[in-house]
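Novice: Shown below is the structure under consideration.
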Amino acid sequence: MTSTSTYDAIIVGSGPNGLAAAIRLQQAGLRTLVLEQAATAGGATRTEELTLPGFRHDVGSAIHPLAFASPFLRTLPLEQHGLEWVFPEIPFAHALPGGKARMCYRDIERTASQLGVDHKRYSQLMNRLTRQWEDIEDTLLGPLSVPSNPFSLLNFGLQAILPADRFNKWNFREPETRALFMGAAAHAIMPLTWWGTASFGMVLTLLAHKTGWPFPKGGAGRLTAAMADFYRSSGGEIRLETKVSDLERLPDTRTILLDMTPEQLLHLKNSGLSTGYRRQLERYKYGAGVCKVDWALREPVPFTHPDLRRAGTIHFGDSARAIVEAEAGVFSGKTSPTPYVLFAQHSVFDESRAPEGNHTAWAYCHVPLNSDLDQSGQIEDQIEKAAPGFRDVVLSRSVKTTKLMEEWNPNLVGGDINGGRQDLTQLFTRPVRKLKPYRTSRANLYICSSSTPPGGGVHGMCGYHAAKTVLKDHFN
Ligand SMILES: Cc1cc2nc3c(=O)[nH]c(=O)nc-3n(C[C@H](O)[C@H](O)[C@H](O)COP(=O)(O)OP(=O)(O)OC[C@H]3O[C@@H](n4cnc5c(N)ncnc54)[C@H](O)[C@@H]3O)c2cc1C
């Protein structure tokens, strides 16, 4: 382990995965440095006053079941570094036409009891999935590997491999149950007729029951701030406002980990990547973009259905069929007048988000990759259906189209928030088909972003697995 290099590892990018990698390497006793182009660490998990003074908005990620449940992050003493979790009473809900709604409560039975003829099926399915999760989470939250519990994985996989719309037809009869499940599955950001999209709905719904859908008090940025603080307190170093464009200009180091996506790797100078590897990166597929809106509100959102006022996250989309059509349209270059919308209302549960009596709201819808269309009008129309008068309580709004998203964080290529499409060809073998896809073609250069398994979302597992690979390859 002795070396004359100044650093053992330099990590470029301080998103949740860059920080997770840096923490893991620092824990192993390495000398590490994080370089970040932005003025604040945290990547797409940062909080800013985007609208009016005192209104704290999550510019990127907002709801964090994956972070709370992350096998790596939950081992870190982040609470000692300022992290406090807030658990909305109802993890998520689906707003339906005519003032109706269905809730995903923490309690499986209570959720099932609203689902008519699907009561028994929902209850059986979710009880089984929540039991299986502990057996399979390590396999699902990493690169391809030999499963420790193949029977549980097979059982889970037989349903998870299905397209979300087929999963719905096989399991549920009530249109409202199908809409509730489809709202969770559509986090996949893919056509919901594609194989494997059911897995997103299954994992997110089982986590709603198992852990809830919590978020950090004070803003998502408190999570990454706690990670950065813990990292620094363990001896790590972060240099902000330091954009890396040429790897030869880095300080002297044994290894480099890039919290970047393939498109950015291809533009790095002196990366030393082989022509064959570059060709594989050029074939990497991005998914869709997002149009994101944040609101400063005079008062809470005036939802007609009282339970919608008690849900942290609400999905809008008139029916499962309407969501399937809207999401398919996004992948054929079209936007929908009635898009599927993901919406969160933090300030109802966390008063530190807005001045006293005021509120914030956060939402986005999916748009074609690179489409710079402002969909805020369509998003607000969807909210108005469940909360007539919503626009009247808006004090100010901030809209970020795909272009503004990418300007804010270069990893959001074309507005893609997952670091690349998460279809079956890229889910476990991203960005290239290798058992350890964190390795590039250059022996000391690694990729640790959400463009590696297990993909998008705030969980730090990409960074954790990349760091483990670096330790095995160079510091054994
Ligand atoms: C609008 C939006 C909503 C989301 N909602 C959720 C959600 O609710 N829940 C959830 O779990 N996930 C959500 N996500 C996804 C989640 O935020 C990402 O999957 C996660 O942040 C990926 O982490 P990362 O470390 O791989 O990359 P990032 O968080 O993107 O971090 C990459 C970092 O690298 C830096 N960087 C890039 N290039 C360079 C360079 N050349 N030099 C120096 N630094 C560089 C960037 O500035 C950035 O700080 C959302 C994302 C967005 C944008």
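Novice: So which residues in region 107-141 are part of a loop (DSSP other than H, G, I, E, B) and surrounded by fewer than 19 Cβ atoms within 10 Å (Cβ to Cβ), if there are any at all?
Specialist: The first filter runs over region 107-141 and keeps only residues part of a loop (DSSP other than H, G, I, E, B), leaving 107, 113-115, 141.
Residues satisfying the conditions are 107, 113.
Novice: Please go through region 205-222 and pick out each residue that is closer than 13 Å to residue 92 by Cα and part of a loop (DSSP other than H, G, I, E, B).
Specialist: Passing the criteria: 211, 212, 213, 214.
Residue-by-condition table, conditions (1) surrounded by 17 or more Cβ atoms within 10 Å (Cβ to Cβ); (2) without any contact (Cβ under 8 Å) to a residue 40 or more places away in the chain; (3) more than 22 Å from residue 288 (Cβ to Cβ):
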{"residue": "153", "(1), (2), (3)": "yes, yes, yes"}
{"residue": "156", "(1), (2), (3)": "yes, no, yes"}
{"residue": "165", "(1), (2), (3)": "yes, no, no"}
{"residue": "184", "(1), (2), (3)": "yes, no, no"}
{"residue": "188", "(1), (2), (3)": "yes, no, no"}
{"residue": "191", "(1), (2), (3)": "yes, no, no"}
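Novice: Which condition breaks for residue 470 when tested against (1) within 30 Å of residue 58 (Cα to Cα); (2) buried (at least 24 other Cβ atoms within 10 Å of the Cβ)?
Specialist: Going through (1) within 30 Å of residue 58 (Cα to Cα); (2) buried (at least 24 other Cβ atoms within 10 Å of the Cβ) one by one, residue 470 breaks only (1).
Novice: Further, regarding this structure: Please go through region 407-441 and pick out each residue that is at positive phi and in contact with a strand residue (DSSP E or B) (Cβ under 8 Å, 6 or more places away or on another chain).
Specialist: Filtering region 407-441 for residues at positive phi gives 414-415, 419-420.
Result: 414, 415.
Novice: Also, I was wondering about something else. Looking at (1) in contact with a helix residue (DSSP H, G or I) (Cβ under 8 Å, 6 or more places away or on another chain); (2) in contact (Cβ under 8 Å) with a residue 40 or more places away in the chain, can you tell me which one residue 424 breaks?
Specialist: Every listed condition holds for residue 424 apart from (1).
Novice: Looking at region 297-374, what strands (runs of 3 or more DSSP E) fall wholly within it and have at least 3 residues that are over 30 Å from residue 284 (Cβ atoms)?
Specialist: Details: elements: 311-316, 341-344, 359-367.
Answer list for region 297-374: 311-316, 359-367.
Novice: If you check every pair at least six apart or on different chains, which have Cβ atoms under 9 Å apart with a residue in region 212-230 that is within 13 Å of residue 48 (Cα to Cα) first and a residue that is at pLDDT below 95 second?
Specialist: Matching pairs, first to second residue: none at all.
Novice: Then there is this: Considering only region 423-466, state which residues are within 16 Å of the ligand (Cβ to nearest atom) and of a type in the set (A, V, I, L, M).
Specialist: Of everything in region 423-466, those that are within 16 Å of the ligand (Cβ to nearest atom) and of a type in the set (A, V, I, L, M) turn out to be 427, 445, 447, 458, 461, 466.
Novice: Looking only at region 443-476, count every residue that is touching a strand residue (DSSP E or B) at 6+ places or on another chain (Cβ under 6 Å) and over 12 Å from residue 18 (Cβ atoms) and tell me the total. Spell out the reasoning first.
Specialist: Within region 443-476, the first condition is being touching a strand residue (DSSP E or B) at 6+ places or on another chain (Cβ under 6 Å), and the residues that meet it are 444-448, 466, 470, 474.
Still in the list and also over 12 Å from residue 18 (Cβ atoms): 444-445, 470, 474.
Number of matching residues: 4.
Novice: Going by the structure shown, is residue 66 more than 7 Å from the ligand (Cβ to nearest atom) and of a type outside the set (Ser, Thr, Tyr)? Quick ask: steps written out before the conclusion?
Specialist: Values: more than 7 Å from the ligand (Cβ to nearest atom): no; of a type outside the set (Ser, Thr, Tyr): yes.
Criteria not met by residue 66.
Novice: Restrict the check to region 390-397 and report whether at least one residue is acidic (Asp, Glu), over 25 Å from residue 313 (Cα atoms) and surrounded by fewer than 18 Cβ atoms within 10 Å (Cβ to Cβ). It would help to see each step written out before you state the result.
Specialist: Narrowing region 390-397 to residues acidic (Asp, Glu): 392.
Narrowing further to those that are over 25 Å from residue 313 (Cα atoms): none.
No, there is no match, as no residue in region 390-397 is acidic (Asp, Glu), over 25 Å from residue 313 (Cα atoms) and surrounded by fewer than 18 Cβ atoms within 10 Å (Cβ to Cβ).
Novice: Do we find a residue being assigned to a loop (DSSP other than H, G, I, E, B), in the same structural domain as residue 367 (by TED's automatic domain parsing), under 22 Å from the mean Cα position of the chain (by Cα) and more than 28 Å from residue 87 (Cα to Cα) anywhere in region 173-181?
Specialist: Let us first name the residues in region 173-181 that are assigned to a loop (DSSP other than H, G, I, E, B), namely 173-174.
Next, from what is left, pick out any that are in the same structural domain as residue 367 (by TED's automatic domain parsing): 173-174.
Cutting the leftovers down to under 22 Å from the mean Cα position of the chain (by Cα) gives us none.
Within region 173-181 (the criterion being assigned to a loop (DSSP other than H, G, I, E, B), in the same structural domain as residue 367 (by TED's automatic domain parsing), under 22 Å from the mean Cα position of the chain (by Cα) and more than 28 Å from residue 87 (Cα to Cα)), the answer is no, since none of the residues qualifies.
Novice: Right, residue 289: over 22 Å from the mean Cα position of the chain (by Cα) and over 30 Å from residue 174 (Cα atoms) or not? Let's see the steps before the verdict.
Specialist: Details: over 22 Å from the mean Cα position of the chain (by Cα): no; over 30 Å from residue 174 (Cα atoms): yes.
The answer is no for residue 289.
Novice: Based on what the data block shows, is residue 60 more than 21 Å from residue 185 (Cα to Cα), small (Gly, Ala, Ser) and not in a helix (DSSP H, G or I)?
Specialist: Details: more than 21 Å from residue 185 (Cα to Cα): no; small (Gly, Ala, Ser): yes; not in a helix (DSSP H, G or I): yes.
When the stated conditions are applied, residue 60 does not pass them.
Novice: Another one. Looking only at residues that are out of contact with any Phe, Trp or Tyr (no Cβ under 7 Å at 6 or more places or on another chain) and surrounded by 17 or more Cβ atoms within 10 Å (Cβ to Cβ) in region 371-380, which one is nearest to residue 91 (Cα to Cα)? Walk me through how you get there before you give the answer.
Specialist: Within region 371-380, the subset out of contact with any Phe, Trp or Tyr (no Cβ under 7 Å at 6 or more places or on another chain) is 371-379.
If we keep only those that are surrounded by 17 or more Cβ atoms within 10 Å (Cβ to Cβ) as well, we get 371, 375-376, 378-379.
Numbers: 371: 31, 375: 26, 376: 24, 378: 24, 379: 21 Å.
Residue satisfying both the conditions and the ranking: 379.
Novice: Identify the residue in region 413-422 that is surrounded by 24 or more Cβ atoms within 10 Å (Cβ to Cβ) and in a helix (DSSP H, G or I) and, among all such residues, is nearest to the ligand (Cβ to nearest atom).
Specialist: 415
Novice: Would it be correct to say that residue 79 is away from the ligand (no atom under 16 Å from the Cβ), modelled with pLDDT of 95 or more and either small (Gly, Ala, Ser) or more than 20 Å from residue 450 (Cα to Cα) (or both)? Steps first, answer last, please.
Specialist: Values: away from the ligand (no atom under 16 Å from the Cβ): yes; modelled with pLDDT of 95 or more: yes; either small (Gly, Ala, Ser) or more than 20 Å from residue 450 (Cα to Cα) (or both): yes.
When the stated conditions are applied, residue 79 passes them.
Novice: Next question. Spot the failing condition for residue 475; the list is (1) aromatic (Phe, Trp, Tyr); (2) within 16 Å of the ligand (Cβ to nearest atom); (3) surrounded by fewer than 18 Cβ atoms within 10 Å (Cβ to Cβ), and only one is missed.
Specialist: All conditions pass for residue 475, except number (2).
Novice: A follow-up question, please. Among the residues of region 410-430, are any aliphatic (A, V, I, L, M) and at pLDDT below 95? Walk me through it before giving the result.
Specialist: Residues of region 410-430 aliphatic (A, V, I, L, M): 412-413, 417, 424, 427.
Filter once more, so that each one left must be at pLDDT below 95: 424, 427.
Scanning region 410-430, I find at least one residue that is aliphatic (A, V, I, L, M) and at pLDDT below 95, so the answer is yes.
Novice: Scan region 279-319 for residues that are in contact (Cβ under 8 Å) with a residue 24 or more places away in the chain and of a type in the set (Lys, Arg) and jot them down.
Specialist: Taking region 279-319 and keeping what is in contact (Cβ under 8 Å) with a residue 24 or more places away in the chain, we get 280-281, 284-305, 307-319.
Within region 279-319, 285, 292, 298, 309, 310 meet the criteria.
Novice: What single numbered condition from (1) surrounded by 17 or more Cβ atoms within 10 Å (Cβ to Cβ); (2) modelled with pLDDT of 95 or more fails to hold for residue 307?
Specialist: (1)
Novice: Okay, next question. Would you be able to say whether some residue in region 16-35 is more than 19 Å from the chain's Cα centre (by Cα), touching a residue at least 24 places away in the same chain (Cβ under 8 Å) and under 30 Å from residue 347 (Cα atoms)?
Specialist: Among the residues of region 16-35, not one is more than 19 Å from the chain's Cα centre (by Cα), touching a residue at least 24 places away in the same chain (Cβ under 8 Å) and under 30 Å from residue 347 (Cα atoms), which makes the answer no.
Novice: Quick one: how many residues across region 248-280 are charged (D, E, K, R), surrounded by fewer than 19 Cβ atoms within 10 Å (Cβ to Cβ) and more than 15 Å from the ligand (Cβ to nearest atom)?
Specialist: Initial filter on region 248-280 (charged (D, E, K, R)): 248-249, 252, 254, 259, 263, 269, 278-279.
Then drop every residue that is not surrounded by fewer than 19 Cβ atoms within 10 Å (Cβ to Cβ), which leaves 248-249, 252, 269, 278-279.
Okay, now just the ones that are also more than 15 Å from the ligand (Cβ to nearest atom), so 252, 278-279.
Residues in region 248-280 being charged (D, E, K, R), surrounded by fewer than 19 Cβ atoms within 10 Å (Cβ to Cβ) and more than 15 Å from the ligand (Cβ to nearest atom): 3 in total.
Novice: Restricting attention to region 1-51, which residues are among the basic types (Lys, Arg), within 15 Å of the ligand (Cβ to nearest atom) and in a loop (DSSP other than H, G, I, E, B)? Don't jump to the end; show me each part of the working.
Specialist: Of the residues in region 1-51, the ones among the basic types (Lys, Arg) are 24, 31, 46.
Cutting the leftovers down to within 15 Å of the ligand (Cβ to nearest atom) gives us 24, 46.
Residue satisfying the conditions is 46 alone.
The values are calculated or read from the model by the stated rules, or taken from the named source; none is laboratory data. All figures in this text were calculated on a predicted structure; none of them were measured in a lab. Cβ sites come from the backbone with ideal geometry, for glycine too, and all protein chains shown count toward neighbours.
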